[in-house]
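These notes are about the structure you will find just below.
The values are calculated or read from the model by the stated rules, or taken from the named source; none is laboratory data. Small disclaimer: the values here were computed from a predicted structure and weren't measured. Positions of Cβ are backbone-derived with ideal geometry, glycine not excepted, and every protein chain shown enters the neighbour counts.
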Amino acid sequence: MNATIKLKARAKINLTLDVVGKRANGYHDVEMIMQQIDLYDVVTVHCLEKDEIILTSNEPFLPLDDRNIAYKAAALMKKTYQLPQGFHIHIDKHIPIAAGLAGGSTNAAAVIKAINKLCALNLPLDTQMSLGFKLGADVPFCFLEGCALATGLGEILEPIRGFELGWLVLVKPNFGVSTKEVYTELKLEAIITHPRTGVMREALEQQNRKVIINELSNVLETVTLSMYPKVAQVKALLSSYGAEGVLMSGSGPTVFGIFSSYQRAKTAHKKLKKIYTQSYVVSTYNGK
């Protein structure tokens, strides 16, 4: 049995995000295309003889108890499979917190994957994804590599061809956004423009860069941009620095811009970094 496992837990962006309905329980049905990017946390899980969960991190603002979804993932695995051992989880954090990039969700997925291997549970992928869904709607996607169409609450996933050769500049303003708050404020009937998810999917299949950029769309911008005007300012700034297309990821506040080359992305990043410390140049990620 391996005593320690170290995994990369990658962030995601939304190329499209549509809300297509609201359930009686208040949850929203979505239709969106999620794309992994090469920005990741490193999650290390180590088996302990003592029956406890210890969470540590390089990030001082990260909760290290059961408020943390990675901690909850370990607790869920212990309870579900009656695991007698404990786990020490260390998260080397690089993905910004409360950013709309699935940073917490991807950590939770990594913990489930690691414990599955450490304890030789041999759980099939769909079982691991179902466990992840108990923790959050974005967690199942984080088990996949690349790009997927997500429907339902976000847990019904169909892998599709991802955006290749995509150079992005990510900018996270210095505040977090509550996903729950954004969805609470969303007025479905007031949304005039919805993403054309089918058109985006076809454009990805053909790697039609012009159409991919043209079809970037996120209905949650209708809420977040009015609640946090700075997000709109970041979008405008990215465009002024040469981004071909700009969109907010998830419920925000992170905004990404697509650039035609690594050099152009690097140049824009240099300027933006002076204003926003949490700025990154990344590429899209579509598996090994």
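Which of the residues that make up the range 160-204 are loosely packed, with under 14 Cβ neighbours inside 10 Å, outside any loop (DSSP other than H, G, I, E, B) and touching a strand residue (DSSP E or B) at 6+ places or on another chain (Cβ under 9 Å)? L188, the sole residue that qualifies.
Scan I54, I37 and give me the residue that is within 13 Å of G103 (Cα to Cα), in contact with a Phe, Trp or Tyr (Cβ under 9 Å, 6 or more places away or on another chain) and of a type outside the set (K, R). Can you show your working first?
Working: I54 fails: within 13 Å of G103 (Cα to Cα).
It is I37.
Number of residues in the range 97-114 that are assigned to a helix (DSSP H, G or I), in contact (Cβ under 8 Å) with a residue 60 or more places away in the chain and of a type in the set (V, I, T): the value is 2.
Pairs meeting the criteria (first residue in the range 137-149 and at positive phi, second residue of a type in the set (S, T, N, Q), beta carbons under 8 Å, at least 6 apart or on different chains) are G146/Q35; G146/Q36; G146/N286. What number of residues within the range 246-276 are over 23 Å from K210 (Cα atoms), touching a strand residue (DSSP E or B) at 6+ places or on another chain (Cβ under 8 Å) and either hydroxyl-bearing (S, T, Y) or touching a residue at least 40 places away in the same chain (Cβ under 8 Å) (or both)? The total comes to 2.
Restricting attention to the range 24-73, report how many residues are among the hydrophobic types (A, V, I, L, M, F, W, C), part of a loop (DSSP other than H, G, I, E, B) and surrounded by fewer than 15 Cβ atoms within 10 Å (Cβ to Cβ). Full working, then the answer.
Of all residues in the range 24-73, those among the hydrophobic types (A, V, I, L, M, F, W, C) come to 24, 30, 32-34, 37, 39, 42-43, 45, 47-48, 53-55, 61-62, 64, 69-70, 73.
Of the ones still in play, those that are also part of a loop (DSSP other than H, G, I, E, B) are 24, 61-62, 64.
Right, trim to surrounded by fewer than 15 Cβ atoms within 10 Å (Cβ to Cβ) and you get 24, 61.
Residues flagged as among the hydrophobic types (A, V, I, L, M, F, W, C), part of a loop (DSSP other than H, G, I, E, B) and surrounded by fewer than 15 Cβ atoms within 10 Å (Cβ to Cβ) within the range 24-73 amount to 2.
Looking at L131, L135, which is the one that is part of a helix (DSSP H, G or I), modelled with pLDDT of 95 or more and out of contact with any strand residue (DSSP E or B) (no Cβ under 9 Å at 6 or more places or on another chain)? Steps first, answer last, please.
Values: L135 fails: part of a helix (DSSP H, G or I).
After applying the criteria, what remains is L131.
State whether the residues of the range 77-87 include one that is out of contact with any strand residue (DSSP E or B) (no Cβ under 8 Å at 6 or more places or on another chain) and either without any contact (Cβ under 8 Å) to a residue 12 or more places away in the chain or under 27 Å from V182 (Cα atoms) (or both). Yes, the range 77-87 contains a residue that is out of contact with any strand residue (DSSP E or B) (no Cβ under 8 Å at 6 or more places or on another chain) and either without any contact (Cβ under 8 Å) to a residue 12 or more places away in the chain or under 27 Å from V182 (Cα atoms) (or both).
Based on this model, can you work out whether T197 counts as over 26 Å from I97 (Cα atoms) and among the hydroxyl-bearing types (S, T, Y)? Explain how you work it out, then say what you get.
Numbers: over 26 Å from I97 (Cα atoms): yes; among the hydroxyl-bearing types (S, T, Y): yes.
Yes; evaluated as a whole, the condition is true for this residue.
In this structure, L131 does not qualify as crowded, with 17+ Cβ neighbours inside 10 Å and in contact (Cβ under 8 Å) with a residue 60 or more places away in the chain. Of all the listed residues (F175, F133, F141), the sole one being in the same structural domain as A232 (by TED's automatic domain parsing) and not acidic (D, E) is F175.
Contact annotation: residue pairs with Cβ atoms under 8 Å, 6 or more positions apart or on different chains, pairing a residue in the range 49-61 that is of a type in the set (G, A, S) with a partner that is surrounded by 15 or more Cβ atoms within 10 Å (Cβ to Cβ), are S57/L64; S57/H90; S57/I91; S57/D92; S57/K93. In the range 218-245, the residues that are free of Cβ contacts under 8 Å to residues at least 60 places away in the same chain and surrounded by fewer than 15 Cβ atoms within 10 Å (Cβ to Cβ) form no Cβ pair under 8 Å with any partner that is of a type in the set (K, R) and outside any loop (DSSP other than H, G, I, E, B), whether six or more places apart or across chains.
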